[in-house]
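Enquirer: After the C-alpha cells below, expect a handful of questions from me.
The values are calculated or read from the model by the stated rules, or taken from the named source; none is laboratory data. Just so you know, these numbers come straight off a predicted model, no measurement behind them. Quick reminder, even Gly has a Cβ in these numbers, built from the backbone with ideal geometry, and neighbours come from all protein chains shown. SASA here: full protein model, heavy atoms, side chains in, ligands and nucleic acids out. Shrake-Rupley method; radii C 1.70, N 1.55, O 1.52, S 1.80 Å.
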Amino acid sequence: MISKEEDKMVSMGFNSINEGFDEGVSKALNFLTEIGTGYLNERKEPEAEKTVVSIKEIGKAATLQGMENAAVNAIRALERLLQCSIEQNMQDTTIQVLLSFGAIGKIAAEQQMETVAKLAASVLGKSGNTAALLNNERETMAVIIGLGEIGKAVTRVKFPNLSENTAICISCLGDIGKLTAQKNLEEAAVGVELMLQEMAAEAMQENLQDTVRSIAGSIEEVGKKAEDENMESAVFQASSALQTIVSYAGSKYLNDASIAAKIALESFNELDIINDEDNIKNIEAIRETMRALWVNSK
C-alpha cells in the first residue's frame, strides 16, 4: 500500500475519535491491521513497527476519550499483529506490541475503564506464560513491564479493597515469576519481583491492606521458586522487597499487611547470601533496563 494512504487512515482514526465515531475508528484499525500483517509477512519490520505505533496511539486516544469499543478494537488489532510477528519470529515487533498492550491498559486503568484494562492485562498474562515457556526472556520482560504498569495504575485509582483487575495483575505476575524461576530466566524473575514491589508501594500509599498481603504472597512464591533454582539475585530481591513492605506497612499502621510480609520474609531467614553488593548491582541494572524499555515505548 502507498504510505500516503496509510497516513490518511491514521488521520481518519484520530478524527473519528474526536468526533466520537466508532465506525470510523474501526475502519482505520482494520486497514492498519491488514497493512501491518502484510508488512510482517513481507518481513518489513520497520514499517510493521510504525503500524504498531499508529494502532497503539489510536487505542490510547480512544481510551482517553472514553470510547470503550474503539479501545477494545485496538487491543484486538494488536493481538492479530502479535500472532503474526511471533509466527515470523520478529522479536522487536513482538516486544513493541506487548508494550503497547501495557500502554493502553495503563491509561484504561487510570480512566477506570475496567473492561479495557482487564483485557489488556489478560492478553499480557497469556503472552507472558508463552514467552517464558519458550525461554524468550526479552519478550517476557516486556510483558512484566506492561502488567506492572497496569497494576500500579489500577491500584492508584483507590479501589476500596482488592479489585478484580489488581488481582489479575498480581496473579499473572506471580505465575510468570514462578515460571521464569523454573526456566532459569533470572532477570525476568527479578523483574517480576521489582514490579510487584512497586505495586505494593502504590497499594500501601492508598492503605490497601488486602492488596499488599496478596502481593507479599506472590513475592514469597516467586522467591521460593528462585531459591529452588539457586538464583541468588532473585532470592535477594524477594527478601529485600518483603523487608521493605514490612517496614513501610508498619510505619503506615497497616498491621495485617506488615505481619503477612513478615511471615513471608521468615521463610528466607536461613538463606546465607554472600554477594550482597553484586546482587544489588545486578538488580539495579535490571531495573534500569526495564525503565528504559518502557520509556522508549511511550
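Enquirer: Sort out which residues of the stretch 23-46 are of a type outside the set (Ser, Thr, Tyr) and crowded, with 17+ Cβ neighbours inside 10 Å, and write them in order of number.
Expert: Selection gives GLY24, VAL25, ALA28, LEU29, PHE31, LEU32, ILE35, GLY36, LEU40, GLU45.
Enquirer: What pairs come up if the first residue lies in the stretch 228-254 and is outside any helix (DSSP H, G or I), the second is surrounded by fewer than 23 Cβ atoms within 10 Å (Cβ to Cβ) and acidic (Asp, Glu), and their beta carbons are under 8 Å apart, counting only those six or more places apart or on different chains?
Expert: Pairs that qualify, where the first residue is outside any helix (DSSP H, G or I) and the partner is surrounded by fewer than 23 Cβ atoms within 10 Å (Cβ to Cβ) and acidic (Asp, Glu), are MET231/GLU186.
Enquirer: Residues to consider are GLN209, GLN197; find the one that is closer than 26 Å to SER163 by Cβ and modelled with pLDDT under 95.
Expert: GLN209
Enquirer: Which pairs have Cβ atoms under 7 Å, sit 6 or more apart or on different chains, and link a residue in the stretch 40-57 that is assigned by the TED database to the domain that holds ASN30 and at pLDDT below 95 to one that is buried (at least 24 other Cβ atoms within 10 Å of the Cβ) and of a type in the set (Asp, Glu)?
Expert: Short answer, once both residue conditions are applied: none.
Enquirer: Give just the number: which of (1) open to solvent by 10 Å² or more (accessible area, probe 1.4 Å); (2) modelled with pLDDT of 95 or more does LEU98 not satisfy?
Expert: Exception for LEU98: condition (1).
Enquirer: Output the number of residues of the stretch 60-84 satisfying the condition of being part of a loop (DSSP other than H, G, I, E, B) and open to solvent by 60 Å² or more (accessible area, probe 1.4 Å).
Expert: Number of matching residues: 1.
Enquirer: Of (1) buried (at least 23 other Cβ atoms within 10 Å of the Cβ); (2) more than 28 Å from ARG156 (Cβ to Cβ); (3) of a type in the set (D, E, K, R), LYS50 satisfies all except one. Which?
Expert: Here LYS50 meets the rest and fails (1).
Enquirer: For LEU194, work out the one condition from (1) open to solvent by less than 10 Å² (accessible area, probe 1.4 Å); (2) over 28 Å from THR93 (Cβ atoms) it doesn't fulfil.
Expert: Only one criterion is unmet by LEU194, namely (2).
Enquirer: Turning to a different aspect of this structure: Does the stretch 221-272 hold any residues that are touching an Asp or Glu at 6+ places or on another chain (Cβ under 9 Å), over 20 Å from LYS178 (Cα atoms) and open to solvent by 30 Å² or more (accessible area, probe 1.4 Å), and which are they?
Expert: Correct list: ASP256 only.
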